[in-house]
Amino acid sequence: MTNKKKQNLAITAWSEDDQPRYRLKQHGSQTLSDSELLAILMRTGTSGLSAVDLGKHILKKVNGDLNQLARLSVKQLTQINGIGEAKAICILAALELGRRRDNQGQKERITITDSQSAYRAMSHLLIDKTQEEFWLVSLSRSNQVLNRKLISIGGVAGTVVDPKILFQQALEHLASGIILYHNHPSGRLKPSRADITLTQKLKQAGDLLDIKVLDHLIITHNGYLSFADEGLMG
């Protein structure tokens, strides 16, 4: 249908695939549902489903959870009927842009006051990762965030942390305190014995350098666990 012909028809007479684009243009993206936004990204549906219905089908597969959707790979997305590689790449690229926008918003100077504010400072970077990552957040004397640094990347079950590299980063930013973070892709919030031992080892090293290790957070898509709140800092 040409644009000229569309202008002579009511919006309800347009194809279901065209309606979300029109409504975004006229009323803004915030008025669209998640499935309609996905429909715009995919542009077309299948022979049996409109793009909007296909968007609903995708969301049903992840229980409506966009974080769960972001954790899927291109290969996993293409296993959904109606999703080819091009559609999968568009969806994941859009979700990554959203993540990066959140990350830029977090660059303002943030003050950590408790485990909840510590979680909010890093959750956007770790919540949907499919492999384990270990991060360091360096803090000023007034507990303002000075820097975030990825220390190591591991597999699904674990990662290796070199204390020398970790404290080198803290010293480089003249940190008075640090908070440790890692994620559990499995969603399990219980720390391992290795997690506890590492935390206590790093806390002891920090005491020697006059850098306080204030907390260690495990982040998952099910929430977080704070070692400080649980009395596990040693």
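The values are calculated or read from the model by the stated rules, or taken from the named source; none is laboratory data. Here the structure is a predicted model, which means the values were calculated and not measured. Cβ: placed from backbone, ideal geometry, glycine included. Neighbour counts: every protein chain shown.
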Worksheet item: Which ones in the stretch 105-147 are surrounded by fewer than 20 Cβ atoms within 10 Å (Cβ to Cβ), more than 19 Å from the chain's Cα centre (by Cα) and within 15 Å of H216 (Cβ to Cβ)?
Response: D114
Worksheet item: Restricting attention to the stretch 76-130, which residues are within 25 Å of E36 (Cα to Cα), modelled with pLDDT of 90 or more and β-branched (V, I, T)?
Response: T78, I80, I83, I89, I91
Practice prompt. Return yes or no: is A121 of a type in the set (G, A, S), within 28 Å of L41 (Cα to Cα), without any contact (Cβ under 8 Å) to a residue 60 or more places away in the chain and assigned to a helix (DSSP H, G or I)?
Written response: no
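Within the stretch 179-202, count every residue that is assigned to a loop (DSSP other than H, G, I, E, B) and either among the small types (G, A, S) or in contact with a His (Cβ under 9 Å, 6 or more places away or on another chain) (or both). Full working, then the answer.
In the first step, residues of the stretch 179-202 are kept if they are assigned to a loop (DSSP other than H, G, I, E, B); the result is 184-192.
Checking the rest, the ones that are also either among the small types (G, A, S) or in contact with a His (Cβ under 9 Å, 6 or more places away or on another chain) (or both) come to 185-187, 190-192.
The number of residues fulfilling the criteria is 6.
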Item to complete: For the stretch 23-34, indicate whether the set of residues that are over 22 Å from the mean Cα position of the chain (by Cα), charged (D, E, K, R), modelled with pLDDT under 90 and on the phi < 0 side of the Ramachandran plot is non-empty.
Response: yes
Fill in: All positions within the stretch 201-225 that are of a type in the set (D, E) and buried (at least 21 other Cβ atoms within 10 Å of the Cβ)
D215
Item to complete: Taking the residues in the stretch 186-200 that are in contact (Cβ under 8 Å) with a residue 12 or more places away in the chain and exposed (fewer than 12 other Cβ atoms within 10 Å of the Cβ) as candidates, determine which candidate is farthest from P163 (Cα to Cα).
Response: G187
Practice prompt. Say whether the condition of being surrounded by 21 or more Cβ atoms within 10 Å (Cβ to Cβ) and closer than 18 Å to T130 by Cα is met by at least one residue in the stretch 170-180.
Written response: no
Worksheet item: Which number in (1) of a type in the set (D, E); (2) without any contact (Cβ under 8 Å) to a residue 60 or more places away in the chain; (3) part of a strand (DSSP E or B) marks the one condition that D215 misses?
Response: (2)
